[in-house]
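The values are calculated or read from the model by the stated rules, or taken from the named source; none is laboratory data. Bear in mind that the values here come from a model prediction, so they are computed numbers and not experimental data. No Cβ is skipped: glycine too gets one built from the backbone with ideal geometry, and neighbour counts run over all protein chains shown. Each accessible area value is taken on the protein alone, full model and side chains, heavy atoms only, with ligands, DNA and RNA left out. Shrake-Rupley method; radii C 1.70, N 1.55, O 1.52, S 1.80 Å.
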Amino acid sequence: AEPTARTAYTEARGLWHSTPVDTLFPRTLTGKGAGPGGADRTWTRLAVAPDSSCAGGFDPLLVKVLQPVGCVRMLRATYTDATHSSVTTVGMVFTEADPAAMTALRNRFTREGLTARTDLMPRTFPVRSTDAAGFGNKQRASWTVSVLTDAPVVVYSVTGFADSRAVTTPQPAALAVKDGATTPVAQAGLGHDAKGIE
C-alpha cells in the first residue's frame, strides 16, 4: 500500500496545475446548514489570485510553521456571501510532504493548539472594486487552518466584514460557531462563513 500512497500523493501534488480553476474554486458555493442556527448559506466567487509562493500569502511565522512540509504552490480565491455583508478568502497550499510529514504537522497543530493562535492567521486576498476591496490584514475576523493527511494539502479560510471595518479581537472559527458564543465575530456569523466555505 505504501507505493500506492506515494503515487496518490504525487498525483495530488500536481492538481493545482492540471485542475480547472472552477473545479478548485467553484463560482458559487452552497453550504447546507452552514450558517448560524443551521441556516443554508451561499457564497459567490469574486476573484481567483494568481498562484504564488507561500511567502506571498502568509505572515512569516505561519510560513515557518509550514516549513517542514514545504510549499509547492499556493492557490487563493475570495468569496462574498449572499447578503454582501461578509467576505472570505479560501486557500490551498500544495506541499512537498509525504503522508508521514503531513500527519506529523497535523498532530502538531492539534497538540499545540496552533489553529487558535491569532499570530498564525492566514492573510486575505483583497479584490479591487468588489465587496473585498478593503479586505486586508486588519479586517481578519475569523479563520480556519486544516492540515489534510490524505493529500499533501493545507486548506485554510479567513473571513471579515465586507464594509472593511477593522477587527480588534479576531476569533477562530471553532470558537465562533459554538452555541452561546457572544462575540461580535460570532454573532455576525463570520465563524460560520470561515468554517462553512472551507
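Within region 61-81, can one find any residue that is under 17 Å from ALA12 (Cα atoms) and acidic (Asp, Glu)? No, region 61-81 contains no residue that is under 17 Å from ALA12 (Cα atoms) and acidic (Asp, Glu).
Given the criteria open to solvent by 10 Å² or more (accessible area, probe 1.4 Å), farther than 30 Å from ALA8 by Cβ, assigned to a loop (DSSP other than H, G, I, E, B) and out of contact with any Gly (no Cβ under 9 Å at 6 or more places or on another chain), does THR149 qualify? No. Exactly one residue out of THR144, THR169, THR159, THR130 is hydroxyl-bearing (Ser, Thr, Tyr) and open to solvent by 70 Å² or more (accessible area, probe 1.4 Å), and it is THR169.
Between ASP81, ASP98, the distinction of being open to solvent by less than 30 Å² (accessible area, probe 1.4 Å) and charged (D, E, K, R) belongs to ASP81 only. Considering region 110-122 alone, what residues qualify as being crowded, with 18+ Cβ neighbours inside 10 Å and either in contact with a Ser or Thr (Cβ under 6 Å, 6 or more places away or on another chain) or in a loop (DSSP other than H, G, I, E, B) (or both)? Across region 110-122, the qualifying residues are MET121, PRO122. Every listed requirement among (1) polar (S, T, N, Q); (2) under 18 Å from the mean Cα position of the chain (by Cα); (3) not in a strand (DSSP E or B) is met by THR144 save one, (3).
Among the residues here, PHE125 qualifies as more than 22 Å from GLU11 (Cβ to Cβ) and crowded, with 22+ Cβ neighbours inside 10 Å.
Return the residues of region 21-31 that are open to solvent by 60 Å² or more (accessible area, probe 1.4 Å) and either touching a Leu at 6+ places or on another chain (Cβ under 8 Å) or modelled with pLDDT of 90 or more (or both); say none if nothing qualifies. Within region 21-31, VAL21, ASP22, THR23, ARG27, THR28 qualify.
Restricting attention to region 176-192, the residues that are of a type outside the set (D, E, K, R) and more than 16 Å from THR118 (Cβ to Cβ) add up to 8.
Among residues of region 140-161 that are within 20 Å of THR83 (Cα to Cα) and at pLDDT 95 or above, those with a beta-carbon under 6 Å from a residue that is open to solvent by 20 Å² or more (accessible area, probe 1.4 Å) and not polar (S, T, N, Q) at least six positions away or on a different chain give the pairs ARG140/PRO170; ALA141/VAL167; ALA141/PRO170; SER157/GLU198; VAL158/ARG140; GLY160/ARG140.
Do we find that PRO68 is without any contact (Cβ under 8 Å) to a residue 40 or more places away in the chain, more than 18 Å from MET121 (Cβ to Cβ) and over 14 Å from the mean Cα position of the chain (by Cα) in this structure? When the stated conditions are applied, PRO68 passes them. Filtering region 32-43 down to residues that are under 19 Å from the mean Cα position of the chain (by Cα) and modelled with pLDDT of 80 or more, which residue is nearest to ARG73 (Cα to Cα)? Looking at the filtered set, the residue picked out is TRP43.
Test SER53 against the criterion of being more than 27 Å from SER129 (Cβ to Cβ), polar (S, T, N, Q) and out of contact with any Asp or Glu (no Cβ under 8 Å at 6 or more places or on another chain), and give yes or no. Judged against the criteria, SER53 is not a match.
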